[in-house]
Amino acid sequence: DPQRRSPTASAPLRGFRSPEERQKMLLALLVSAAATADTSDHELAQRLKLSLWQRGVLECGADGCGASSAEFPRLAATWLSQQHLPIVRLRGGADGCGGTSCEPPSANLDALRAELGEEFAAALDQNEADHADDCAASCESFYCGPGAQLPAGAAEARSHSMGSVPPEDFADAFKFPLDLIRVTASPLIPPDEAEAAVAVANEEGMSSNEYASGKYKLGGDWVKKMPRTRAWFNSRLESLIFPTIAALFPEIVSSASVLRAHSVAILKYNSSHPRTDVHVDDGILAMTLALSPRANYTGGGTFFEHLGEGSVLPMEQGHCTFRPGSVRHGGHPVTAGGRGN
């Protein structure tokens, strides 16, 4: 008897006049703690549809799952038989689900242009033009084209959660759990190559340069300003970095040829330039390549805000972290020695 077993359920269940009403209310309580005796069939049906969709069950017909008195018992029976399944995704439309799934419909840009008028259409055109210009500018400095064939096992990585909030870009392409922070299982580049890259960057003025990152000053410089360093980085974009990204994020990267490098810098951390602000990156995907051995510094590593204070993801020299650009992170303070990435 739910009234005896659940103090939470006893108050709203008391006073129902029929077994059907009691069954509906108990179902509402199982699906949502916010349900009350006044919860409509339509609202409860939306919650049931969302709960089913979260578990990967898309049994609604072409017209969706209705909330009529004829449809509701079937929907409720389906939910009761499938509620044991694990939740594999969390996002849904603003009203639960619509049609055959909870995914928001693809944007009809022509319809939006007609609905929102000339000013919106002009802004949309400008956005597309700016994106094309950014891509063209990237290809002037960084490699664009097909990537090399990766050897077997080259893209193996350990995955870490980015928390409960999907990436800002292509959110619906990724399924829960969001284990989208990926750290290479073996070095992406050999340690001696990392040492050589830092040495060349220092020769090109990286070690004497600094710039601001929020309230902190960073040592380092933009790769496109260092010709020899940029040539090395471009060779690795083609042979390793772009192909690895395509292999690790096939949900949104169809091939290495669609990738573009945007903001690329080598940063140098030490006691006078110890850390960065917590921030997000402006690319859809981002990477951090460790160029220094961990024995060279104390502290350091990448801090991810959602993991909590003191949670740092360290990397040994040559390893690389790939992640969505919207993950909030920062360079953890270096208290002694020097770290480059």
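Structure above, values below:
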| item | result |
| --- | --- |
| Rounded to the nearest 10 Å², the accessible area of R328 at probe 1.4 Å | 100 Å² |
| Solvent accessible area, Å² - E168, 1.4 Å probe, full protein context | 150 Å² |
| For L285, distant residues with modelled amide H under 5 Å away | G325 |
| Summed side-chain charge close to R158 - residues other than R158 whose Cβ falls under 13 Å, Lys, Arg +1, Asp, Glu -1 | -1 |
| Calculated FRET value between L116 and N296, using beta carbons and R₀ = 51 Å, to 0.05 | 0.40 |
| Nearest-10 value in Å² for the accessible area of L124, using the 1.4 Å probe | 30 Å² |
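The values are calculated or read from the model by the stated rules, or taken from the named source; none is laboratory data. These figures come from a predicted structure and were not determined experimentally. Cβ sites come from the backbone with ideal geometry, for glycine too, and all protein chains shown count toward neighbours. The area values use the complete protein model at the heavy-atom level, side chains included, leaving out ligands, DNA and RNA. Shrake-Rupley method; radii C 1.70, N 1.55, O 1.52, S 1.80 Å.
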